[in-house]
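**Q** Just passing along the structure, written as structure tokens.
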Amino acid sequence: MVQIKEFRIVMPMSLEEYQIAQMYMVLKMQQQTTTSDEGVEVLENRSFQDNALGKGQYTSKVYRLQSKVPAWLTTFAPADALTMQEEAWNAYPRCKTVIKCPYFNKFCLTIDTVHKADNGQSENVHGLNKEQLAARQVEVIDIASAARDYWSYVVGGNSVDFSKFRSAKTGRGPLLEGWQSCDPVMTAYKLVTVDAPYWGFGNRLEQAFLAGERALFLESHRNCFGWIDEWFGMTVQQLRELEEQTNSSLDVKTSTEDLDRRWACDKEEEVYVKKPQLKL
């Protein structure tokens, strides 16, 4: 049975600031979680344009997460089966991400994200029909919450106490009860649709991925605000340059193939695609 859940994450920043915060957070978390055995491998990173989302940045990545496989899942698959393939179309303020697992070839998880300058009160930003609205569950995630579950420990934990935190550069914080009425404020509306049509364990697999995504949303957005004094004042161009440096660093860590770099002169940004390695 297909599971549909919408997570709403309210953030004490503007839409423009969040775009910078998100880019910085993704780069830093990739660096922190990638080793020679596990982590993130960037296969492709280029600009795109289509009728549905408009113009933005497309990325293709592979996540190797064998140490994070729940024990019960190893009864159905080997630990190294949790190699995930991710395609993402970032046309901020709208984004779409599709995650698949080659081992479970029928599995598919899609995240449709809409970012709005509100405090999480919009009811149907994704334009769902009546059937989808009836099936959808909604959860508001509070980044100031200190509550943790199994997946929070798997994903990792930002230990900052936001009830005491104050940004040196912006003066924002602490996040006390009712902080969502602050200014500036924005919300990331993340609609997660997951389908694992496997008899006997498909529903459990769907619930596990929903819980894992929730923990990742909480951790990544806590980092977005917790690292505000690191990214505040940066530009998108500066982060694109940092992104290139980070991807090169990740390639060294994971001992991947050389990158075939070429410059897209008409777009004034670098496009690179990883060459497949032929085994003769």
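**Q** Can you tell me how many residues in region 1-45 are under 21 Å from D118 (Cα atoms) and open to solvent by 20 Å² or more (accessible area, probe 1.4 Å)?
**A** So the answer is 8.
**Q** Tell me, yes or no, whether region 77-89 has at least one residue that is in contact with a Leu (Cβ under 7 Å, 6 or more places away or on another chain), acidic (D, E) and at pLDDT below 90.
**A** no
**Q** Can you name the number of the only condition in (1) assigned to a helix (DSSP H, G or I); (2) touching a helix residue (DSSP H, G or I) at 6+ places or on another chain (Cβ under 9 Å); (3) at pLDDT below 95 that C224 fails?
**A** (3) is the only condition that C224 fails.
**Q** Can you run down the residue pairs with Cβ atoms below 7 Å, 6 or more apart or on separate chains, where the first is in region 196-216 and assigned to a helix (DSSP H, G or I) and the partner is surrounded by fewer than 18 Cβ atoms within 10 Å (Cβ to Cβ) and of a type in the set (K, R)?
**A** Filtered contacts from region 196-216: no entries.
**Q** Just a yes or no: is a residue in region 49-64 touching an Asp or Glu at 6+ places or on another chain (Cβ under 7 Å) and either modelled with pLDDT under 85 or in a helix (DSSP H, G or I) (or both)?
**A** yes
**Q** Kindly establish whether V192 is outside any helix (DSSP H, G or I), at pLDDT below 90, open to solvent by less than 70 Å² (accessible area, probe 1.4 Å) and touching a strand residue (DSSP E or B) at 6+ places or on another chain (Cβ under 7 Å).
**A** Details: outside any helix (DSSP H, G or I): yes; at pLDDT below 90: no; open to solvent by less than 70 Å² (accessible area, probe 1.4 Å): yes; touching a strand residue (DSSP E or B) at 6+ places or on another chain (Cβ under 7 Å): yes.
Answer is no for this residue.
**Q** Also, I was wondering about something else. If you take the residues in region 180-189 that are surrounded by fewer than 17 Cβ atoms within 10 Å (Cβ to Cβ) and in contact (Cβ under 8 Å) with a residue 12 or more places away in the chain, which one is farthest from R148 (Cα to Cα)? Reasoning before the result, please.
**A** Our first condition is that a residue be surrounded by fewer than 17 Cβ atoms within 10 Å (Cβ to Cβ); within region 180-189, this holds for 181-184.
Checking the rest, the ones that are also in contact (Cβ under 8 Å) with a residue 12 or more places away in the chain come to 181-182, 184.
Values: S181: 24, C182: 25, P184: 27 Å.
Looking at residues that are surrounded by fewer than 17 Cβ atoms within 10 Å (Cβ to Cβ) and in contact (Cβ under 8 Å) with a residue 12 or more places away in the chain, I get P184.
The values are calculated or read from the model by the stated rules, or taken from the named source; none is laboratory data. Note that the coordinates shown come from a computational prediction; the quantities given were computed from them, not determined experimentally. Note: ideal-geometry Cβ built from the backbone for every residue, glycine included; neighbour counts use all protein chains shown. Remember, those area values only see protein heavy atoms, side chains included, never the ligands or the DNA or RNA. Shrake-Rupley method; radii C 1.70, N 1.55, O 1.52, S 1.80 Å.
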